[in-house]
Structures are given as structure tokens and as C-alpha cells.
Amino acid sequence: MPLGESLQDTQPLVLAHWDSLVRPALQQGKNVRVVARGNSILALLMVLEHISEGDIAAVEVPNGVPIMVEDKAGFDDFVRRPSP
């Protein structure tokens with residue numbers, strides 16, 4: 001029995017929230033803070049940074065360290081910014 005959701009299980013849920021809540025707020029010019037951990041943040045980074053399933057395993061997301069992303073071009077190309 002698994003102890004949590006897999007990345008494949010998590011990604012559709014994360015993307016649904018991204019499309020229904022986060023993206024519209026960004027399009028209205030609002031700043032948005034997303035609090036996530038584990039597979040949720042990896043699923044979001046896969047989409048925002050165009051990371052493949054094969055490459056996502058090498059991405060390290062330290063606990064408690066903010067990740068800031070900035071839109072480069074029309075909500076389809078994001079880049080990570082250094083955290084303050």
C-alpha cells in the first residue's frame with residue numbers, strides 16, 4: 001500500500017488548481033503565493049519550467065526554502081529567480 005500519492009496522481013490535481021485559480025489571478029496582474037511540498041511542487045515545476053518526467057527526478061527542492069518563479073512570456077514560459 002502506497003504511503004502517498006505518486007507524481008502521476010498529483011499532477012492532474014495541481015494543474016486543475018493552476019488553471020482555475022492561479023493562472024487567472026496572474027492574468028489579472030496579481031502576485032500569487034503557492035505553498036506546496038513534495039510531488040505537488042514537482043508537478044508544478046514540470047509545467048512551469050518544461051521539465052520532462054525523466055529529468056524531474058534530478059530536481060532537488062529543499063524543505064522550507066522558497067522557490068520564486070517569474071513569467072517570461074505570456075504565462076507559458078517561467079524562470080526560477082533566486083530566493084531573497
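No value in this document is a laboratory result; all are computed from the given coordinates. All values reported here derive from a predicted model rather than from experimental measurement. Cβ coordinates were reconstructed from backbone atoms using ideal geometry, including for glycine residues, and neighbour counts include every protein chain displayed.
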Restricting to the range 32-62, give me the number of residues that are under 14 Å from VAL22 (Cβ atoms) and surrounded by 10 or more Cβ atoms within 10 Å (Cβ to Cβ). 10
Need pairs with beta-carbon distance below 6 Å; first residue not in a loop (DSSP other than H, G, I, E, B) and within the range 27-39, second not aliphatic (A, V, I, L, M); sequence gap 6+ or separate chains. ASN39/THR10
Quick one: ARG23 ticks every box in (1) surrounded by 15 or more Cβ atoms within 10 Å (Cβ to Cβ); (2) touching a residue at least 40 places away in the same chain (Cβ under 8 Å) except a single one, so which number is it? (1)
Restrict the check to the range 63-72 and report whether at least one residue is surrounded by 11 or more Cβ atoms within 10 Å (Cβ to Cβ), within 11 Å of the chain's Cα centre (by Cα), touching a residue at least 12 places away in the same chain (Cβ under 8 Å) and in a loop (DSSP other than H, G, I, E, B). yes
Checking VAL79 against (1) of a type outside the set (Phe, Trp, Tyr); (2) outside any helix (DSSP H, G or I); (3) without any contact (Cβ under 8 Å) to a residue 24 or more places away in the chain, only one condition comes out false. Which one? (3)
